[in-house]
Amino acid sequence: MIKFFLMVNKQGQTRLSRYYEHVEINKRTMLEAEVIKNCLSRSKDECSFIEYKDFKLVYRQYAALFIVVGIDQTENEMAVYELIHNFVEVLDKYFSRVVSETQNL
């Protein structure tokens, strides 16, 4: 099950957040800061899956944008990784130039 969905820029600012479980506002801020720190500190050579507390983080970088999904332990990481890519393709169809700018990585 997906717990949350985040879109974050390289400066660590949250651009979009959606929670699928109730999390208090003050805890969201702390959670997002820790999650962002963990994802931004990793190199491109490292795996895009992170074990974090009682759930997993699946993230993918597109140019200056990181998309992070928090999932429970039973969810398939590769399926969520592909979901992120499909989401970006939909954004590209709607807004254009989303994928073309990210393929330079």
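The values are calculated or read from the model by the stated rules, or taken from the named source; none is laboratory data. Predicted, not measured: the structure shown is a model, and the values here were computed from it. Backbone-built Cβ (ideal geometry, glycine too); neighbour counts: all protein chains shown. Just so you know, the surface numbers come from the protein's heavy atoms only, side chains and all, with ligands and any DNA or RNA stripped out. Shrake-Rupley method; radii C 1.70, N 1.55, O 1.52, S 1.80 Å.
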Given H placed on each backbone N at 1.01 Å, which residues far from Tyr62 in sequence or on other chains put an amide H within less than 5 Å of it?
-> Ile67
Within the chain, longest stretch clear of exposed GluC sites (Glu not before Pro) (DSSP loop, no more than 12 other Cβ within 10 Å) | 47-105
Tally up the carbon and sulfur contribution to the accessible surface of region 2-95 as a whole percent, 1.4 Å probe, everything protein left in place.
-> 53
Whole-Hz couplings from phi, Karplus 6.51/-1.76/1.60, listed for region 64-80; x for Gly and Pro | 8, 10, 10, 10, 10, 10, x, 10, 7, 5, 8, 6, 7, 5, 5, 5, 5
Looking at region 1-71, which trypsin sites (Lys or Arg not before Pro) are in a loop (DSSP not H, G, I, E or B) and have at most 10 other Cβ atoms within 10 Å?
-> Lys44, Lys53
What is the local net charge at Ser17, summed over the other residues whose Cβ is closer than 12 Å to its Cβ (Lys, Arg +1; Asp, Glu -1)?
-> +3
Apply the Karplus parameterisation 6.51 cos²θ - 1.76 cosθ + 1.60, with θ equal to phi minus 60°, to every residue of region 45-50 and state each ³J(HN,Hα) to the nearest whole Hz, in sequence, with x for glycine and proline.
-> 7, 7, 4, 8, 10, 10
Using the Karplus curve 6.51 cos²θ - 1.76 cosθ + 1.60 with θ = phi - 60°, work out ³J(HN,Hα) for each residue of region 10-20 in order, rounded to whole Hz, and write x for Gly and Pro.
-> 5, 7, x, 8, 6, 9, 8, 9, 9, 10, 10
Let me know the charge dipole size of region 1-87 about its Cα centre in debye, to the nearest 20, where only the beta-carbon of Lys, Arg (+1) and Asp, Glu (-1) is charged.
-> 380
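How far, in nm, would the chain grow between Ala33 and Lys10 when pulled straight, counting 0.36 nm per residue and subtracting the alpha carbon separation? Mind showing how you got there, number by number?
Values: separation 23, 0.36 × 23 = 8.28 nm, distance 1.27 nm.
So the extension gain works out to 7.0 nm.
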Send over a whole-number figure in Å² for the accessible area per residue of the chain, probe 1.4 Å.
-> 64
Relative contact order %, the chain, counting alpha carbon pairs below 8 Å whose residues are six or more apart = 28
Once you have a ≥ b ≥ c as the square roots of the Cα gyration tensor eigenvalues for region 2-95, tell me rounded if a/c is under 1.5, and otherwise prolate or oblate according to whether a/b is larger than b/c.
-> rounded
